[in-house]
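Novice: Provided herewith is a single structure, encoded as structure tokens, for subsequent inquiry.
Taken together, the values in this text are just the output of simple stated rules run on the coordinates, not laboratory data. A quick note: this is a predicted structure, and the numbers were derived from the prediction, not measured. Neighbour counts are summed over all protein chains in view; Cβ atoms, including those assigned to glycine, are modelled from backbone coordinates with ideal geometry.
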Amino acid sequence: MDSNDSASLSARRKRTRDQVVAILADHGNGLTRASLSRMTGLSASAISDCVSFLRASGLVVESSAPGKASGRGRRATVISLVSDEGVVVGIDFGHSHVSAAAATTAGEVLHRCAAAIDVDHRPGPAMDLAAELARECLQRSGHTLDDVLGIAAGIPGPLDIRTQVVRPPTILADWVGLAPAAELERRLGHPVSIGNDADMGARGEQAYGAARGLEDFLYIKASHGIGAGIIVGGRPYRGATGIAGEIGHTQIPGAGNWCRCGSRGCLETVVSVTTVRRQLAHVLATHEDSLDDSAVPPLAELSDNPAAARVLSEAGRTVGRVLAGLVNCLNPSALVLGGELGAGNEPFAAGIRESVARYAQPASAQAAEVRTGRLGAEAEVRGAIAAAIAATRIQLTGTN
């Protein structure tokens, strides 16, 4: 073999190792060799060679997988990155709140705190609050910013992944032109990984919740807006500029309300937690007293109320019709529901199931299980923790 062939082989092996380490960084609980082969498209022998090198370098460990033995009594093994002791911070910007959490690099939450603020129209104060909450979480868990290995945050709007700047001007108008990662880094003194809040919710459920073990699924954050975090082949899919999953701006036939994006009849003008609460306030009012939408009980508590269940299931059917198109295109194994509308709301989930079964291609519909998220309001901040851990591991292992 001449020097050119040797150099080519060496470069190919390095790309393979970088690819495997990056995938393992996204899956904190580890993966089997078969899963690594499937997700990378590499042969079993190439994966074996790569794992042997990474083990010898002290970057990964191989341990027995939980569950029963497979084959002729031989238990499958799981490959995972070596965990360095340290602390990370996850931050979640909602439309009307900011939450933060300090966690170990193993994903254990040490302290979580949150506060209300008008995030959409006060980006500067929201950034200040996020930094304050991050420091509070660290202090209450016995740490300081000097102990932090990584920070990640999710924002409720479109972020151009090429420039790390918020766009377009019709959504989060007061944030347009802002670089959230740079703003947080200036306040906290650490590099910050930034993503859309639905993408963070998907990562949270994938790492710690209802999507553990899934490689192809959609996370639906149904709250003041409607967004989707898309996971394909175990990795987030963000599209060409980072704004994939903005399903809330799919137009609904017959709907004519103006949307904040400048179009009429978008899904989120018909189904949002604000609209649904207004409808519920109407059907739950008594003959003697009207009911303000702010006084509507938590949606998960209304499943046994027939009138309220009708409102919630109709909202689910409307969202489900949009999701049926995604099911046809992406053939996911699950739709994981989150946000105020999706978390613990069985009538809403039932409405989605009904529409997906009716409008998606039968084989794709049968493969797409509709699941309620397990993390509830913590999904996005837990996803930010997972993203911070992944960024930390990639940095420590020197991969791209």
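Novice: For segment 319-332, take each phi angle, set θ = phi - 60°, evaluate the Karplus expression 6.51 cos²θ - 1.76 cosθ + 1.60, and give the result in whole Hz per residue in order, putting x for glycine and proline.
Specialist: For segment 319-332, the Karplus curve yields 5, x, 5, 5, 5, 4, x, 5, 4, 5, 6, 10, 6, x Hz.
Novice: What is the distance in Å between the Cα centroid of segment 153-172 and that of segment 314-382?
Specialist: Rounded to whole Å, the Cα centres lie 25 Å apart.
Novice: Applying 1/(1 + (r/R0)^6) with R0 = 35 Å to the Cβ-Cβ distance of Cys261 and Lys14, what FRET efficiency is obtained, to the nearest 0.05?
Specialist: Efficiency, rounded to the nearest 0.05: 0.20.
Novice: May I pose another question? Add -39500 (n - 2.57) for each DSSP H run of 4 or more in the chain, then divide by its residues: what number comes out at 222 nm, to the nearest 500 deg cm²/dmol?
Specialist: For the chain, the value works out to -13500 deg cm²/dmol.
Novice: In nanometres, what is the gap between the two model label sites at Arg278 and Asp118, each 7 Å from Cα along Cα-to-Cβ?
Specialist: Going from the Arg278 label point to the Asp118 one covers 1.8 nm.
Novice: Under a crude label model (7 Å from the Cα following the beta-carbon direction), how far is Cys329 from Glu132 in nanometres?
Specialist: For Cys329 paired with Glu132, the spin-label model returns 4.1 nm.
Novice: While we're on this one: Rounded, prolate or oblate, given the Cα gyration tensor of segment 213-374, with a/c below 1.5 counting as rounded?
Specialist: It is prolate, given that a/c is not under 1.5 and a/b is the larger ratio.
Novice: Still on this structure, I have one more. What is the set of long-range amide H partners of Leu110 at a cut-off below 5 Å, with H atoms built 1.01 Å from backbone N?
Specialist: Ala102, Ala103, Thr104
Novice: Let me ask something else about it. Roughly how many nanometres apart are two label points built 7 Å out from the Cα toward the Cβ at Gln366 and Ser57?
Specialist: Taking the simple label geometry, Gln366 and Ser57 are separated by 4.4 nm.
Novice: Also, quick follow-up: Just to verify a number: FRET efficiency for Asp49 and Ser80, C-beta to C-beta distance, R0 = 22 Å, to 0.05?
Specialist: Result of the calculation: an efficiency of 0.75.
Novice: By its C-alpha gyration tensor, with a ≥ b ≥ c as the square roots of the eigenvalues, how is the chain shaped: rounded for a/c under 1.5, else prolate for a/b larger than b/c, else oblate?
Specialist: Taking the square roots of the gyration eigenvalues as a ≥ b ≥ c, the chain is prolate.
Novice: Going by how many other Cβ atoms sit within 10 Å of their own, how do Thr274, Thr269 line up, fewest first?
Specialist: Ranking Thr274, Thr269 by Cβ neighbours within 10 Å, fewest first, gives Thr274, Thr269.
Novice: What's the longest uninterrupted piece of the chain once you rule out the trypsin sites (Lys or Arg not before Pro) that are loop residues per DSSP with at most 14 other Cβ within 10 Å?
Specialist: The segment 213-400 is the longest one with no such site.
Novice: Another question, then. Read phi for every residue in segment 250-264 and hand back ³J(HN,Hα) as whole Hz from Karplus 6.51 cos²θ - 1.76 cosθ + 1.60, θ = phi - 60°, with x for Gly and Pro.
Specialist: With the stated coefficients, segment 250-264 comes to 7, 7, 9, x, x, 8, x, 5, 6, 9, 4, 7, x, 9, 9 Hz.
Novice: Still on this structure, I have one more. State, as an integer percentage, the relative contact order of segment 108-227 based on alpha-carbon contacts under 8 Å between residues 6 or more apart.
Specialist: 22
Novice: Long-range amide H contacts for Ile194: which residues qualify at under 5 Å (H placed 1.01 Å from N, peptide plane, sequence gap of 5 or more or a different chain)?
Specialist: Ala153
Novice: Out of Ala360, Ser48, Gln206, whose Cα points farthest toward the positive end of the dipole of the chain (charges: +1 Lys, Arg; -1 Asp, Glu; placed on Cβ)?
Specialist: Checking the options against the dipole of the chain, the answer is Ser48.
Novice: List Ile151, Ile117, Ile194, Ile385 from most exposed to least, where exposure is judged by having the fewest other Cβ atoms within 10 Å.
Specialist: Ile117, Ile194, Ile151, Ile385
Novice: Cut-off is 10 Å between beta-carbons; in what order do Ile161, Ile252, Ile171 appear when sorted fewest neighbours first?
Specialist: Ile161, Ile252, Ile171
Novice: Separate question: Identify the residues of segment 309-330 with backbone N under 19 Å of a label point that sits 7 angstrom from the Cα of Arg38 along the Cα-to-Cβ direction, or state none.
Specialist: Under cut-off, by backbone N: 330.
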